Amino acid sequence: MLVFHGGAADSTAPVSRFSPAVLRLIPVARAIARAEPSVAVYRLRFGVRGWNGLGTDVLADAHQALADIAGRHPGLPIVVVGHSLGGRVAMAVAGTQVTPDSRVVGAVGLAPWVEESDPVTFLDGIGLAIVQGTHDKVVPEPSTRRWLAKARAAGAIVTSTIIEGGGHTMLRYLRQWHALTVDGVRSVLATARDQQDRRQQTVRSPAEPPNART
């Protein structure tokens with residue numbers, strides 16, 4: 001499990017470990033670890049605060065962290081959780097093959113910042129759990145609908161939950177945000193298991209060949 005904090009649209013300032021965006025995700029990671037003690041939970045601190053056009057720096061950080069996790073836990077599925085900018089990173093890396101035997105099998109987006117133009121290349125069969133608040137002024141829930149529709153059209157299995165009165169910082173209704181994050185993690189893991197079972201069933205039961213004519 002890899003957790004991504006939020007940031008800004010444009011900033012090359014370094015990220016302090018005392019940044020509110022970083023600190024905000026510590027209790028989120030702890031909530032996941034308490035609920036799923038068998039899961040190794042890691043947090044990534046990006047090198048810069050901003051997405052900065054194409055997200056080059058933060059995505060490079062994310063891919064390196066994913067490769068490190070895959071090296072420590074070979075063959076195990078990886079789930080990513082991200083808030084705001086971190087949610088955009090999570091959606092971007094969802095479905096990617098980290099190593100030949102390790103894949104990002106699902107993503108949880110907490111008030112995720114996504115743009116309609118963002119890619120959905122690897123999302124077929126991937127579980128995405130989205131949690132948003134109705135009082136989010138930074139990333140209003142309606143602003144994400146077009147990308148989520150595109151993700152669904154690409155084959156993503158999307159579940160969406162709205163917190164009435166919830167804001168972007170996730171401070172109000174904190175326990176509900178944490179509980180829904182855990183639910184989201186469990187949901188995307190269940191989706192990944194279902195998809196794996198279907199693939200295995202297809203391998204075990206290949207289509208019958210057409211009748212040969214003599």
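Since every read-out is calculated from the coordinates, none of them should be taken as a lab result. Everything quoted here is computed from the prediction, not taken from an experiment. Cβ: placed from backbone, ideal geometry, glycine included. Neighbour counts: every protein chain shown.
Assorted remarks:
- Structure-derived Rg and Dmax of the Cα atoms in Å: which label, when the choices are [x] 16.3, 51; [y] 18.0, 77; [z] 22.3, 74: [y]
- Trypsin sites (Lys or Arg not before Pro) restricted to DSSP loop in segment 2-65 with at most 12 other C-beta within 10 Å: ARG17
- Stretching the chain fully between LEU59 and HIS73 yields a gain of 3.0 nm (0.36 nm per residue, less the alpha carbon separation).
- Here the convex hull built on the C-alpha positions of segment 94-214 has a volume of 140 cubic angstrom per residue.
- Segment 77-93 residues near the modelled ALA154 label - backbone nitrogen below 14 Å, point 7 Å along Cα→Cβ: 88-93
- Among THR181, THR96, THR134: highest mean-square fluctuation, GNM of the chain, C-alpha pairs under 10 Å: THR134
- Computed from the C-beta positions of ARG145 and GLN201, the FRET efficiency with R₀ = 41 Å rounds to 0.75.
- Close amide-amide hydrogen proximity is noted between ALA8 and GLY50, TRP51, each under 5 Å apart and 5 or more residues distant or on a separate chain (H modeled in the peptide plane; Pro and chain starts excluded).
- Amide proton proximity set for VAL108, modelled H, under 5 Å, gap of 5+: VAL80, VAL81, GLY82, ALA129
- Within segment 5-104, the chymotrypsin sites (Phe, Trp or Tyr not before Pro) that combine a DSSP coil assignment with at most 16 other C-beta atoms in a 10 angstrom radius are PHE18.
- Convex hull projection area averaged over all views, segment 1-113, Cα basis, nm²: 6.4
- Between helix 174-204 and the chain: long-axis angle, C-alpha atoms, 0 to 90°, nearest 10: 20
- Here the spin labels are modelled as points 7 Å beyond Cα on the Cα-Cβ line, and at ALA8 and ALA35 they lie 3.2 nm apart.
- Projected label distance in nm at ARG193 and THR134, using a 7 Å step from Cα toward the beta-carbon: 3.4
- Remark: segment 60-74, residue by residue, has Karplus-estimated 3J(HN,Hα) of 5, 4, 5, 5, 5, 5, 5, 5, 5, 5, 4, x, 6, 10, x Hz, where x stands for each Gly or Pro and the curve is 6.51 cos²θ - 1.76 cosθ + 1.60 at θ = phi - 60°.
- Under 5 Å between amide hydrogens, built in the peptide plane, is the criterion, and for ARG103 it picks out ILE78, VAL98 among residues at least 5 positions away or on other chains.
- Annotation: the antiparallel percentage among DSSP beta bridges lying fully within the chain is about 10.
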